[in-house]
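The structure appears below as structure tokens.
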Amino acid sequence: MSTRQMTAHISVVDYGLGNLRSVTRGLERAGASVEITTDPTTLDDADGIVLPGVGAFSEGMENAGPFRELLVEQADAGTPLFGICLGMQMLLTTSEEAEHAGEGETEGLDLIPGSNRRFPDDVKVPQMGWNRLSVVRDHPLVEGVDGEYAYFVHSYYAQPTDDGAVVATTDYGLDFASIVANDAGTVFGTQFHPEKSGETGLRILRNFVELCRDQR
């Protein structure tokens, strides 16, 4: 068996707002072969796709515009798609962030129906630091991480239309969805940064790489 056959080939989408170096290092430590790509057509060859992101929702969707159609196509085809932080929020339908910034309504990828909400005023925004994961739905991504801590930096949180899309929650003034997934389990995201979350994050990345191998 060739190395290419044994190793999951992961495409990391570079649309100008991702923490690419740390994400790539984390995936490589998890056993993946990683390609950072600015070319949407290369997604056809990937065993799995990572959509990282830091920054504003509207800017993220604008920058990722050339990838939108192929991301949706790959998701529909069952290719595992993993959104991280802003990348997870972009999997949803809309976000209050664009309206809050006076940018009107911005449409997300709508792969997991729902909206991103701003934390209430009675908590410090952004949430920045370590917080606990409480798994509420079985999913390969969260194998072995229930009750563990992950590293967050965000002012908005995902609120899926269907509560069944919530895989894990975290308490920050309210119980918010810190991991979400679609019904098929092939499109999912973490609000936290696994690449900055120590052994817990590495476990999640390894689970992702294994899932990509299994989906081939």
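Structural remarks
- Filter result for residue 78 (under 14 Å from the mean Cα position of the chain (by Cα) and under 17 Å from residue 181 (Cα atoms)): no
- Strands (runs of 3 or more DSSP E) contained in the stretch 154-201 and holding at least 1 residues surrounded by 15 or more Cβ atoms within 10 Å (Cβ to Cβ) and among the β-branched types (Val, Ile, Thr): 166-171, 175-181, 187-190
Okay, residues lined up against (1) farther than 23 Å from residue 48 by Cα; (2) touching a Cys at 6+ places or on another chain (Cβ under 6 Å); (3) not aliphatic (A, V, I, L, M):
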position: 132; (1), (2), (3): yes, no, yes
position: 136; (1), (2), (3): yes, no, no
position: 140; (1), (2), (3): no, no, yes
position: 144; (1), (2), (3): no, no, yes
position: 150; (1), (2), (3): no, no, no
position: 155; (1), (2), (3): yes, no, yes
position: 163; (1), (2), (3): yes, no, yes
position: 169; (1), (2), (3): yes, no, yes
position: 179; (1), (2), (3): no, no, no
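- Residue tally, condition surrounded by 14 or more Cβ atoms within 10 Å (Cβ to Cβ) and closer than 15 Å to residue 174 by Cβ, over the stretch 116-133: 8
Just so you know, all these numbers are worked out from the coordinates, no wet-lab data involved. For clarity, every value in this text was computed on a predicted model and none was experimentally measured. Glycine also receives a Cβ, built like all others from the backbone with ideal geometry; neighbour counts cover every protein chain displayed.
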